[in-house]
Amino acid sequence: MAFELPPLPYGYDALAPFMSEDTLKLHHDKHHQTYVTNLNNLTKDTALADAALEDVIKQVAGDAAKVGVFNNAAQVWNHTFYWQCLKKGGGGAMPSELEKAIVDAFGSVDKFKEDLTQAALTQFGSGWAWLYKENGVLKIGKTSNADTPLAHGGAPLFTIDVWEHAYYVDYQNRRADFVKAVINDMANWEFAAENLAKA
Ligand code: MN3
């Protein structure tokens, strides 16, 4: 069975003015779709075509002969996860169990937001900033290109796409303004809390 592009979990205009309809159409319908198409082409008639997406990522991670499969599979997963990290009217108070875990790990919610922002701004070039759980510990990190904590034994709770295609239409080169809008105006902390409960 072929891999499919999941629909956005909200309308294309749901995140305006913080993320425009133009950005969502380009990012979801073109970029995300292209990773799905590439993954299907690369796995066609192989055992990987019938595997779960998470298993494809874990199986080919670190395999130099399957870099293309890894990049496209991880980008399909990362984007599907990312859309769920955003919501209309997001960025407000966190569910108490998430807030408690964040305060325990990072000292305060403000310090967490500061450190996540720092990770997003210091990722040189394309990549992702993450809140994830690894070996029972909450961590903030960044990955290059398609890489994902999922490939390294981590359980992602929240992410920000910092590839230029994620913000250039709305923010041009101002990655800092985009990251601030994700955290303060679009973050779906309920989704992060659900991921924490499963991690
Ligand atoms: Mn992207």
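The values are calculated or read from the model by the stated rules, or taken from the named source; none is laboratory data. Since this is a predicted model, take the numbers as computed values, not measurements. Ideal geometry is used to build each Cβ from the backbone, glycine not excepted, and the neighbour counts take in all protein chains shown. Note: accessible area is taken over every heavy atom of the protein model, side chains too, but ligands, DNA and RNA are not part of it. Shrake-Rupley method; radii C 1.70, N 1.55, O 1.52, S 1.80 Å.
Neighbours of G154, meaning other residues whose beta-carbon lies under 14 angstrom from its beta-carbon, give a summed charge of +2 when Lys and Arg score +1 and Asp and Glu score -1. Multiplying the residue separation of N145 and N184 by 0.36 nm and removing their Cα-Cα distance gives an extension gain of 11.6 nm. Ligands, DNA and RNA are left out, and with a 1.4 angstrom probe the accessible area of the chain is 47 Å² per residue. Between A47 and V137, the simple label model (points 7 Å from Cα in the Cβ direction) yields a spacing of 3.5 nm.
Modelled label positions at F124 and E54, each set 7 Å beyond Cα in the direction of Cβ, lie 3.4 nm from each other.
Given a 1.4 angstrom probe, I'd like the percentage of the accessible area of segment 73-162 that is carbon and sulfur, rounded to a whole number. Using a 1.4 Å probe with all protein chains present, segment 73-162 comes out at 51 percent carbon and sulfur.
Counting only alpha carbon atoms, the long axis of helix 189-198 and the longest principal axis of the chain meet at about 60°. Using C-alpha pairs below 8 Å separated by at least 6 residues, the relative contact order for segment 1-58 is 44 percent. The angle between the Cα long axis of helix 96-106 and the main principal axis of the chain comes to about 90°, on a 0 to 90 degree scale.
Once you keep just the Cα pairs under 8 angstrom separated by 6 or more residues, what percentage relative contact order results for the chain? Across the chain, relative contact order equals 25 percent. The angle between the Cα long axis of helix 109-122 and the main principal axis of the chain comes to about 40°, on a 0 to 90 degree scale.
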